[in-house]
Amino acid sequence: MITGFEITQDEWNQTPQPVRTAATSLQHQLYILNARLSVYQKQNIDLQAKVESGERIQREQADEITRLKSKVSELKERLQQNSANSSLPPSSDSPFQPPNHRRSPSERKRGAQMGHQGVGRQLLPIADVNKVIDLRPDRCSACGSLLLGEDFRPARRQTIELVSGQAFVTEYRNHSLRCLACRKLTRSKWSENAVTGTFGASVSAMIAYLTGRLNLSQRDAVEAMRELFRLKIGLGSISALQRRVSERLAEPVAQAFEFVQQQTSQCVDETGWQENNQLNWLWVNCTEQVTVFQIQTGRGQTDAQTIIDEEETGVVTTDRYPGYNFLQGWRRQICWAHLKRDFVAMTEREDAESKNIGEKLLTETKKVFELFAKVRDGTLEHCRLRPLIEPTRKRVKELFEIGSQIENRKTAAVCRHILKIYRSLWTFVRVAEIEPTNNRAERALRRAVLWRRKSFGTQSETGSRFVERILTVVTTLRQQRRSVLDYLKTACAAKAMKQTGTELSLQII
């Protein structure tokens with residue numbers, strides 16, 4: 001008998017058998033459906049809980065995404081900040097970024113425009129002149145008669161030198177006298193000192209020293225000349241004197257350039273340099289006693305071949321930049337200081353393989369530096385370096401081979417690239433004059449980088465020539481412990497190029 005219905009036993013007994021069978025079957029199916037309903041209701045409650053949990057996680061993820069997008073936007077904005085859109089100083093702008101023009105460039109040429117009222121240097125009053133030299137003609141240029149009389153309005157020129165820490169003004173007066181016989185007007189010739197310009201050699205040398213050695217800006221140089229020597233000088237005169245000094249330094253710098261390319265040990269490096277808002281490159285070739293700089297338009301292999309003579313046999317120390325790959329392996333030394341930075345970068349990556357490889361390479365690098373330090377201070381003879389460094393050499397190669405096979409693409413790429421130039425890692429073991437780092441060139445570039453941060457580069461080719469020549473002179477003389485100011489005074493003297501060629505040499509004679 002089925003339950004759950006108001007059916008008596010008698011009524012159930014009177015029910016035909018087929019109906020009772022069908023009713024029993026329906027009741028059984030009802031039990032099954034109720035059981036399933038209970039399960040489904042429980043599953044529905046669980047699913048609703050999961051949905052609610054998923055919605056909560058989705059809301060949290062959406063909030064996190066919004067926060068991260070805001071952070072990324074903030075970082076991008078900070079990355080794009082420069083002196084034109086923030087309070088950052090102009091010196092913080094990267095030379096590798098295009099200049100930030102706040103206004104549209106004018107179609108006018110640089111400098112004074114047509115119709116501009118010029119500002120020339122006026123002659124100093126007689127009271128400020130320390131010495132007067134009268135230039136009078138003796139004979140008439142036409143008939144040769146003796147000239148007498150006086151010129152009350154002679155042509156005047158003044159030159160200024162620095163004597164005993166003060167400005168010394170010499171005035172040259174060129175008289176014109178009329179011949180009493182033929183009435184021909186004869187003017188005396190200007191002396192050689194009178195035609196060299198308003199400022200003498202000592203002033204030119206001091207300007208070059210202030211701007212090229214002490215890295216003063218042109219405006220600071222104007223103030224320094226006024227405060228130190230009571231000499232008033234304009235910005236235009238600063239540029240003119242720099243150009244004059246640059247011309248006097250051209251020949252000794254060219255000789256120094258040829259000299260460094262012939263040396264056994266050369267350290268070469270480069271850095272960005274702006275010329276007229278265009279990215280150029282300042283190259284340096286540094287030897288033990290002479291260092292030369294050169295500004296070029298590019299950073300490629302052709303530019304490297306200009307600073308390095310392919311026909312010479314000296315060893316060149318460089319970083320891993322591919323522009324130097326034209327050098328044969330035996331003629332190149334890879335800088336271990338740059339390699340150390342690559343190894344440090346490996347240790348800072350997230351994967352364990354890169355960390356492991358980087359730490360082991362840093363350990364071997366420390367051994368390399370320790371052994372070379374003993375060679376440098378004389379406690380280890382160079383001929384004994386090879387057998388001592390051989391185990392480190394083999395271990396380093398094994399680590400590079402392992403690193404080239406790991407999953408991290410950056411680490412593997414660095415290891416594969418170093419394996420291609422592996423021979424050039426150990427040139428310092430074979431050649432005694434070679435160091436394993438390029439620190440000499442980087443130290444030389446430091447002065448140029450400071451100059452770039454203050455001046456933002458140069459505005460013309462003439463300015464670039466002055467920069468590379470004065471940097472060559474200053475860096476070389478400081479290497480040789482020679483006086484920079486005395487050298488510049490000699491170079492700027494009127495007849496220096498003819499009379500003191502030996503003194504102008506930047507090489508150790």
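Tabulated results
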| item | result |
| --- | --- |
| Fully extended contour minus Cα-Cα distance, from LYS232 to THR306, at 0.36 nm per residue | 22.5 nm |
| Sulfur and carbon atoms: percent of accessible area, the chain [1.4 Å] | 49 |
| Surface accessible to a 1.4 Å probe, SER265 within the full protein complex, Å² | 20 |
| Helical mean residue ellipticity (222 nm; -39500 (n - 2.57) per DSSP H run of 4+; nearest 500) of the chain | -16000 deg cm²/dmol |
| Nitroxide proxy distance, nm - points 7 Å out along Cα→Cβ at ARG443 and LEU124 | 4.2 |
| Backbone HN-Hα couplings from phi across the stretch 246-259 [Karplus 6.51/-1.76/1.60, Hz, Gly and Pro as x] | 4, 5, 5, 8, 4, 5, x, 5, 4, 5, 5, 4, 5, 5 |
| Residues whose placed amide H lies under 5 Å from that of ASN280, excluding near-sequence neighbours | TRP273, GLN274, GLU275 |
| For the stretch 229-242, Karplus couplings with θ = phi - 60° (6.51, -1.76, 1.60), whole Hz, Gly/Pro x | 10, 6, 10, 8, 9, x, 4, x, 5, 4, 5, 5, 5, 4 |
| Listed values (1) 41.6, 175; (2) 24.8, 83; (3) 22.3, 80, entry calculated as Rg and Dmax of the Cα atoms in Å | (1) |
| Extension gain, ILE133 back to ARG341 (0.36 nm per residue minus Cα-Cα distance, nm) | 68.4 nm |
| Rounded FRET efficiency, nearest 0.05, which uses the C-beta distance separating ALA22 from LYS42 and R0 of 41 Å | 0.85 |
| Sequence of LYS420, LYS410 from largest to smallest accessible area, 1.4 Å probe | LYS420, LYS410 |
| Mean separation of Cα contacts under 8 Å, 6 or more apart, over the residue count of the chain: relative contact order % | 15 |
| Distant-in-sequence amide H partners of GLN459 (H built 1.01 Å from N, under 5 Å) | ASN276 |
| For peptides 273-285, 46-58, 179-191, 438-450, sequence by mean Cβ density within 10 Å, most packed first | 273-285, 438-450, 179-191, 46-58 |
| Per residue value of the accessible surface for the stretch 352-450 (all protein chains in place, 1.4 Å probe), Å² | 56 |
| From phi via Karplus (6.51, -1.76, 1.60), per-residue ³J(HN,Hα) for the stretch 270-284 in Hz, x at Gly/Pro | 8, 8, x, 8, 8, 10, 6, 6, 10, 6, 10, 9, 9, 9, 9 |
| Accessible area expressed per residue, the stretch 456-497, with surrounding protein chains retained (probe 1.4 Å, Å²) | 41 |
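The values are calculated or read from the model by the stated rules, or taken from the named source; none is laboratory data. No experiment lies behind these values; they were computed from the predicted model shown. Neighbour counts run over all protein chains shown; Cβ positions are idealised from the backbone, glycine included. These area figures cover heavy atoms from the full protein model, side chains too; ligands, DNA and RNA do not enter into them. Shrake-Rupley method; radii C 1.70, N 1.55, O 1.52, S 1.80 Å.
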